[in-house]
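Okay, so here's the structure we're looking at.
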Amino acid sequence: MKVRKLPPGLVSRIAAGEVVERPASILKELIENSLDAGADRIYIEIRKAGRVLIKVKDNGSGMSREEAILSLERHATSKIYSDSDFYSVSTFGFRGEALPSMATVSRLRMLTKSNESSAGTEVRVESGEVLETKPVACTTGTTIEVRELFFNTPARRKFLKSDAHENAAMKEVISRFLLAFPEVHFEVVTDGKKKVFPPESLEVRIRELFDEENIIEVNYRGNIEITGFIQKPGSSRAGRLQYFFVNRRFIKNRLLTAALYEAYRAMLPKHRHPLALLFINISPEEIDVNVHPTKIEVRFRQEKEVLKELVEAIRKALYPPRADSKIITPVTRTIEDFSSIGKINTGKPEVNEDKAKYSPEKNLEDNILRGIKPLAQLFNTYILAEHSLGLVMIDQHAAHERVLYEKFLKKYSAGKIEKQRLLKPEVILLAPEESAAMLENIEFLENMGFEIEDFGGESIIIRTVPLFIGKMENFKEFIAEIADAGRISDINRRRDEMIYRVACTGAVKAGDFMLEEEMKALIEKLRRADNPRTCPHGRPTYIILEKRDIERKFRR
Ligand code: ADP
Ligand code: MG
C-alpha cells in the first residue's frame, strides 16, 4: 500500500488528541509502525530516558523516496483510504498523525528503503521542517531516530517525569509488544545496555518476563477466539499482571478485568491476583478502535457476548473436563517442585487413549487424592495421608469448606436446597445491624431454605432452616456471618460470600476430632470437587511434603 493524504472529511472523524506526549508514547507509535510494515526484527535504542534519543530500526517493507516525504505530513497514511476501511482497520495505525507530530517536537531522522527501490532515502526534519532529503545506501526497512525530544517546546520538556519514571513507562510499552509478538526478534539497548529477545513461544516469554511458572493455557474458540495464559489454580500473585490484547493491540478495559475476576470467583485469597495474558481475536468490524487518541481503549459492538465468552474461556482452562479414571496411567514422571501444591510442574504424563478429554492438571489431582489412605489426624486439624509421591497433608476445614461450598452453590443454583420446618418457630433477638442485614437479604435467605419474618424491634422469627445447618447454635453464628457479608454491594459476590459463610459454618472445624471413616469420605469428596485445590477463599486445601524432601532431610 502507498502512503497518501486522507480526505478532509475522514480526517475530521478521527478521534483527535496528542499521541506523542512522552517518550513511551513515541516508542509505542514507532514500534507499531514497524509491525504494521511487517517487520520481524526490531531494534530499539533509548538514551537518557528518551530525552536524548529514541531510535527504532526495522526490517519491514520500507518506503520509497516520495512516500518517505509524504509520511511526515499530517494525515498521510498508507493504511486506510476510504470510509469503509475506517470500520475494518486491521493495522495499528490509520491516522497518519504520529510521524508528523514527532517531527514537530524533535530533530527527527528517517532512513528508509523499500524492496523495489535500489537506493534508500534519508530525511532530516527539525521542528517539522524538512532540512534535507538525500539518497543513502541502506538495507530494506526503516530506521527512525527521534533526538532531543521537546528541544523546541521547553514547557513540555518540563512535564517529563524522572528518568526512572519515563524508563519504566517505556519498559512497560516494550513488554506489551514482547508479549503480543513473541515471534518477532527484539533487541533493546538502554543507555548502552543490551537485551536480546529472540523469537520465542508466548509461554517462554511470559516465564522470562514475569518469572512465573504457575501458568496454564487458554485456548478457546467460540464466536470469537481467545488464547493466552492465566494463573494456575492454587497460585496467585501480590500484584496485578493482567494484559488484554484485542487483535494483538494492548488495551485497557475495566469490564474485561471484571470478567477475569468473575471467572476466578472463589479461587483467590484476599488481596491476591491472577496473572493473565489474554488475546481476543475478533473480526475488526466488531470493534471500534477509534475511541481514544492512543487507541488504548476499544469498544465492542457486542460487549455482553464478548464478556460472556471471556468468562467461559477462562473457566474452561481453570476447570478442565475430568479425565475418565480408566484412561489414566499412574504418574511416573518426576515432579519438579512439590513444596507447595500451586507449584506442581506436571510435565507430560502418559495417557492410553482418548486424548481429547485428558487434562494433566486434573489427572494429577485425581491421582494424588485417589485412593490415598488417611494415616492419622495431626493437631485435630490436618489429615495426614500417604501417597507414593510423599506425605499429603489436608487442611480438614479448608477441604470441607470447598466441598460444601460447591455443593451449596449447585443446590442453590438449581433451587434445590432442602429445608426443615422447626417444630416451634424460633424468635431470635439480634443486634440492629444484624436484623437489618437479615431483612435486606430475605430473598436470598429464602432461597437458601430459611423462612424468616420480621417480628418487630430487633427480633426475627424463623420457621424453617436448611437441612444442612444442623444445630441451632450454628445458625446464630451464621447470622453474624451473614450480617457481615450482607454489606458487600456486588450482588454476585455477596451471594457467593454468603454461600461461602454457610459452607464455613457447616464445615468441620480445626480442632474437631475426626474418625477414620470421616477422613476417608472427606478426601473422596474433595477429589470429586471441581476445584479441589483451594478453599473458596483461595487457601490451599492440601499440600504435599515430597518424598524426595523427606529423604533429603534424613540424609538418605
Ligand atoms: P499511521 O501509522 O497512522 O498511518 P504514522 O504517522 O505513524 O501514521 O505513519 C505514516 C505512514 O508512514 C504510515 O501509514 C506508513 O505508510 C509510513 N510508515 C511509518 N513508519 C513506517 C515504517 N517503520 N515502515 C514502513 N512505513 C512506515
Ligand atoms: Mg503509526
Inset, instruction - Can you work out which of the residues in segment 94-104 that are within 15 Å of Val130 (Cβ to Cβ) and of a type outside the set (S, T, N, Q) is farthest from ligand 2 (Cβ to nearest atom)? - result: Ala103
Inset, instruction - Please verify whether segment 65-72 includes one or more residues that are closer than 30 Å to Glu286 by Cα and outside any strand (DSSP E or B). - result: yes
Legend entry - Val218 being in contact with a helix residue (DSSP H, G or I) (Cβ under 8 Å, 6 or more places away or on another chain), part of a strand (DSSP E or B) and either over 16 Å from Ala49 (Cα atoms) or charged (D, E, K, R) (or both): yes
Inset, instruction - Please find, within segment 6-37, the residue that is surrounded by the fewest Cβ atoms within 10 Å (Cβ to Cβ) out of those that are modelled with pLDDT of 75 or more and among the hydroxyl-bearing types (Ser, Thr, Tyr). - result: Ser25
Inset, instruction - Could you tell me whether any residue of segment 460-474 is modelled with pLDDT of 85 or more and either of a type outside the set (A, V, I, L, M) or in a loop (DSSP other than H, G, I, E, B) (or both)? - result: yes
Legend entry - segment 115-149 - residue that is of a type in the set (A, V, I, L, M) and in contact (Cβ under 8 Å) with a residue 24 or more places away in the chain and, of those, surrounded by the fewest Cβ atoms within 10 Å (Cβ to Cβ): Val136
Legend entry - Set Arg237, Arg221: member being basic (Lys, Arg), touching a residue at least 24 places away in the same chain (Cβ under 8 Å), surrounded by fewer than 20 Cβ atoms within 10 Å (Cβ to Cβ) and farther than 16 Å from Leu35 by Cβ: Arg237
Inset, instruction - For segment 152-169, indicate whether the set of residues that are within 28 Å of Asn247 (Cβ to Cβ) and either under 21 Å from the mean Cα position of the chain (by Cα) or open to solvent by 20 Å² or more (accessible area, probe 1.4 Å) (or both) is non-empty. - result: yes
Legend entry - Meets criteria (within 15 Å of Gly96 (Cα to Cα), at pLDDT below 95, surrounded by 23 or more Cβ atoms within 10 Å (Cβ to Cβ) and within 12 Å of ligand 1 (Cβ to nearest atom)) for Val3: no
Legend entry - Those residues of segment 495-537 which are more than 13 Å from Val392 (Cβ to Cβ), in contact with a Ser or Thr (Cβ under 8 Å, 6 or more places away or on another chain) and buried (at least 20 other Cβ atoms within 10 Å of the Cβ), in sequence order: Thr534, Cys535
Legend entry - Residue within segment 196-204 that is of a type in the set (Asp, Glu), surrounded by fewer than 20 Cβ atoms within 10 Å (Cβ to Cβ) and in contact with a helix residue (DSSP H, G or I) (Cβ under 8 Å, 6 or more places away or on another chain) present: yes
Legend entry - Only one of Ile394, Ile417 that is without any contact (Cβ under 8 Å) to a residue 60 or more places away in the chain, aliphatic (A, V, I, L, M), surrounded by 16 or more Cβ atoms within 10 Å (Cβ to Cβ) and not in a helix (DSSP H, G or I): Ile417
Legend entry - Subset of segment 38-63 (residues that are open to solvent by 30 Å² or more (accessible area, probe 1.4 Å) and either touching an Asp or Glu at 6+ places or on another chain (Cβ under 8 Å) or in a strand (DSSP E or B) (or both)): Asp40, Arg41, Tyr43, Arg47, Lys48, Arg51, Val52, Lys55, Lys57, Asn59
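Residue-wise test of (1) of a type in the set (Val, Ile, Thr); (2) more than 16 Å from Leu318 (Cα to Cα); (3) surrounded by 18 or more Cβ atoms within 10 Å (Cβ to Cβ).
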position	(1), (2), (3)
Asp211	no, yes, no
Asn214	no, no, yes
Gln231	no, no, yes
Arg248	no, yes, no
Leu255	no, yes, no
Ala263	no, no, yes
Asn281	no, yes, no
Phe300	no, yes, yes
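The values are calculated or read from the model by the stated rules, or taken from the named source; none is laboratory data. Keep in mind that what you see is a predicted model, and the values were worked out from it rather than measured. Using ideal geometry, Cβ is built from the backbone for each residue, glycine included, and neighbour counts are taken over all protein chains shown. Only protein heavy atoms, including side chains, enter the accessible area calculation; ligands, DNA and RNA are left aside. Shrake-Rupley method; radii C 1.70, N 1.55, O 1.52, S 1.80 Å.
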